[in-house]
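The values are calculated or read from the model by the stated rules, or taken from the named source; none is laboratory data. On a predicted model such as this, the values are computed, not experimentally measured, just so you know. A quick note on method: Cβ atoms are made from the backbone with ideal geometry, for glycine too, and the neighbour counts reach across all protein chains shown. What goes into the accessible areas is simple: the full protein's heavy atoms, side chains included, and nothing from ligands, DNA or RNA. Shrake-Rupley method; radii C 1.70, N 1.55, O 1.52, S 1.80 Å.
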Amino acid sequence: QLVESGGGLVQTGGSLRLSCAASGRTSSSYTMGWFRQAPGKEREFVAAITWYDNTYYLDSVKGRFTISRDNAKNMVFLQMNSLKPEDTAVYYCNSVQGVTPRGSWGQGTQVTVSS
């Protein structure tokens, strides 16, 4: 089970830190990622971190977002800086293969960036 938290309403240029808690199976053995779905759009890949801490990102968030993990706590994080209105979406975490989600979805956490 994946539980996302940390979303909220921020102004353009603001920051948020999202958290994903994985219960049951450990996330430490998997590549974990963040996805987002904006209103009226398909869910898209945002960032991922491998079990050996390599990271990769959607081009539009490179340099602004940072994914990290705490294997001891079975958690994954997404630090989002310099937020833009186009970052507004519901954010989800999941295990990934490449940029393809592998598991079930949690409830997500809403991020709203006001202009």
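What the table below lists for this structure:
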{"item": "Residue check, G106 under 17 Å from V3 (Cα atoms) and in contact with a Leu (Cβ under 6 Å, 6 or more places away or on another chain)", "result": "yes"}
{"item": "Residue identified as free of Cβ contacts under 8 Å to residues at least 40 places away in the same chain, hydroxyl-bearing (S, T, Y) and open to solvent by 20 Å² or more (accessible area, probe 1.4 Å) among S29, S82, S15, S23", "result": "S29"}
{"item": "Residues (crowded, with 17+ Cβ neighbours inside 10 Å and modelled with pLDDT under 95) located in the stretch 1-12", "result": "L2"}
{"item": "Meets criteria (of a type in the set (D, E) and open to solvent by 60 Å² or more (accessible area, probe 1.4 Å)) for E42", "result": "yes"}
{"item": "Given (1) in contact with a Leu (Cβ under 9 Å, 6 or more places away or on another chain); (2) within 22 Å of P39 (Cβ to Cβ); (3) open to solvent by less than 60 Å² (accessible area, probe 1.4 Å); (4) not polar (S, T, N, Q), number of the condition V99 does not satisfy", "result": "(3)"}
{"item": "Only listed residue being of a type outside the set (S, T, N, Q) and touching a Gly at 6+ places or on another chain (Cβ under 7 Å), chosen from A47, A72, A22, A38", "result": "A47"}
